[in-house]
1. (i) -0.53, -0.61, -0.79, -0.86; (ii) -0.26, -0.47, -0.83, -0.93; (iii) -0.79, -0.92, -1.06, -1.09: which one is log10 I(q)/I(0) by the Debye sum over Cα atoms at q = 0.09, 0.12, 0.16, 0.17 Å⁻¹ as calculated from this entry?
2. Run lengths n ≥ 4 of DSSP H only: what is the helix-derived mean residue ellipticity at 222 nm for the chain, with -39500 (n - 2.57) per run over all residues, to the nearest 500?
3. Which peptide among 49-55, 110-116 comes first, and what is the full order, when sorted by highest mean count of other Cβ atoms within 10 Å?
4. If one takes the longest principal axis of the Cα atoms in the chain, at what angle in degrees, from 0 to 90 and to the nearest 10, does the Cα axis of helix 2-18 lie?
5. Name the long-range amide H neighbours of Tyr103: under 5 Å, sequence gap of 5 or more, or other chain; modelled H, no Pro or chain starts.
6. For the chain, with only Lys/Arg (+1) and Asp/Glu (-1) charged at the beta-carbon, what is the dipole magnitude about the Cα centre, in debye rounded to 20?
7. What distance in nm lies between label points placed 7 Å from Cα along the C-beta direction at Ala117 and Asn81?
Amino acid sequence: MWIWFGLAALALIGELSSGTFYLLLIALGFAGGGLAALAGLALPWQLVACALISLLGLLTLRKSGFLKKREVNSARNADVNLDIGRSVQVSQWDDNGLAAVQYRGATWQAELEPGAARTTGAHEIVALRGSRLVVRPR
């Protein structure tokens with residue numbers, strides 16, 4: 001009987017170190033198994049209680065949308081990609097709308113942001129598309 005509560009405590013400790021909600025649900029399931037043991041139910045029913053409580057908790061969290069990942073467009077997010085917002089110098093554009101620019105000690109291929117005017121001079125990096133910088137005039 002006490003093994004269930006010990007396992008629940010271990011799962012809670014693991015939850016505190018990992019920061020996910022999955023181990024919390026497992027800890028609740030273990031606690032449910034312990035309560036079933038306290039009620040005098042046989043081991044198969046304790047296992048069923050543990051599994052049901054864990055699965056019901058998971059389904060509840062999934063339905064609430066709390067576990068959904070917030071998608072971040074890393075190609076345009078300056079918090080994810082530190083190149084966003086930096087300056088490059090464009091000396092000329094080729095016929096394909098591309099330019100070779102020096103950035104961080106290397107030559108990069110740059111393309112113009114859709115709708116931006118094709119000019120030379122200082123440009124700001126607004127996104128990365130693969131290994132190509134997407135820029136717009138400053």
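Values quoted throughout were computed directly from the atomic coordinates according to the rules given, and no laboratory measurement underlies them. Because the structure is predicted, anything quoted here is derived from the model rather than measured. Don't worry about glycine lacking a Cβ; one is built from the backbone with ideal geometry, like all the others, and counts go over all protein chains shown.
1. So the structure-derived entry is (i).
2. Numbers: 3 runs with 56 residues, N = 138.
Theoretical 222 nm ellipticity from helices: -14000 deg cm²/dmol.
3. On the way: 49-55: 18.1, 110-116: 14.4.
Ranking the peptides 49-55, 110-116 by packing returns 49-55, 110-116.
4. 10 degrees
5. Sorted by chain and number, the residues that satisfy this are Trp108.
6. Details: 13 positive and 9 negative charges, 37 e Å.
Taking the Cα centre of the chain as origin, the dipole is about 180 debye.
7. That separation, rounded to one decimal, is 2.5 nm.
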